[in-house]
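The block underneath contains the structure these notes are about, expressed in structure tokens.
The values are calculated or read from the model by the stated rules, or taken from the named source; none is laboratory data. Computed from a predicted model, the values in this text were never measured in an experiment. Every residue, glycine among them, receives a Cβ derived from its backbone with ideal geometry; neighbour counts consider all protein chains shown.
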Amino acid sequence: MRVFLAEDESAIAGFLKEGLEEEGFAVDVATNGREALKMALDNLGEYDIILLDWMMPGVSGIEICRLIRKENTSIPIIFLTAKDTVDDTVFGLEAGANDYLKKPFAFEELLARIKVLLRNKDGEQNIFVAGDIILNTEIHQVTKNGITVELTQKEFALLEYLLRNKGKVCRRSRIIEKIWDIHFEKDTSVIDVFINALRKKLDAPGAASFIQTIRGVGYRVNEYE
């Protein structure tokens, strides 16, 4: 899952980025309004959720939200702001936000709200299956033949991405952007390490891997009956 965070207070931005990455998200950060607007509009299709500070220098979060909504009506947006009146809340929601969190807030509350919006996004499914492998995003669990398999945060995020795109070729450049928040194709070898880890934990002994390598392109998890 990829998050776009627009926050001009560097300490808050750093804290949130670190916390979200520990939860398995890839996070892009902008610290002023003009930068945030350009990044958001240039990469709308890449983000799963947007966190917007209301009082951004250059271009306000409200204006950014309105311009995003002209391009994309479904991406979840949460306002992060010190404004705390009912009128402010209504104003932010009417600008197109899905939720509104008043500063200061607990990281756990933000994380819970993010998960709710992602769960509700486009009736998004929570369970993904490939043969005897089942991934449940609701309880953050992977099982094989009914037995829980322990995965790291990045392993889980990578497997989730592959299963969400089951039957499609997942290009290495897209994987590295989605899971590791790296925006170039020069070195994507880190992916191989995690693919091998998933294969060791989930492949049946002696059987072909459920993750197919598409040489020179990426990986694919095939459909199973």
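Observations, loosely collected:
- The set of residues in region 22-39 that are part of a helix (DSSP H, G or I) and at pLDDT 90 or above comprises GLY33, ARG34, GLU35, ALA36, LEU37, LYS38, MET39.
- Residue check for ALA95: among the small types (Gly, Ala, Ser), surrounded by 20 or more Cβ atoms within 10 Å (Cβ to Cβ) and more than 21 Å from the chain's Cα centre (by Cα): yes
- Counted residues, region 40-58 - those being at pLDDT below 90 and within 16 Å of GLY92 (Cβ to Cβ): 3
- Condition met for VAL27 (touching a residue at least 24 places away in the same chain (Cβ under 8 Å), under 14 Å from the mean Cα position of the chain (by Cα), buried (at least 18 other Cβ atoms within 10 Å of the Cβ) and under 16 Å from ILE68 (Cα atoms)): no
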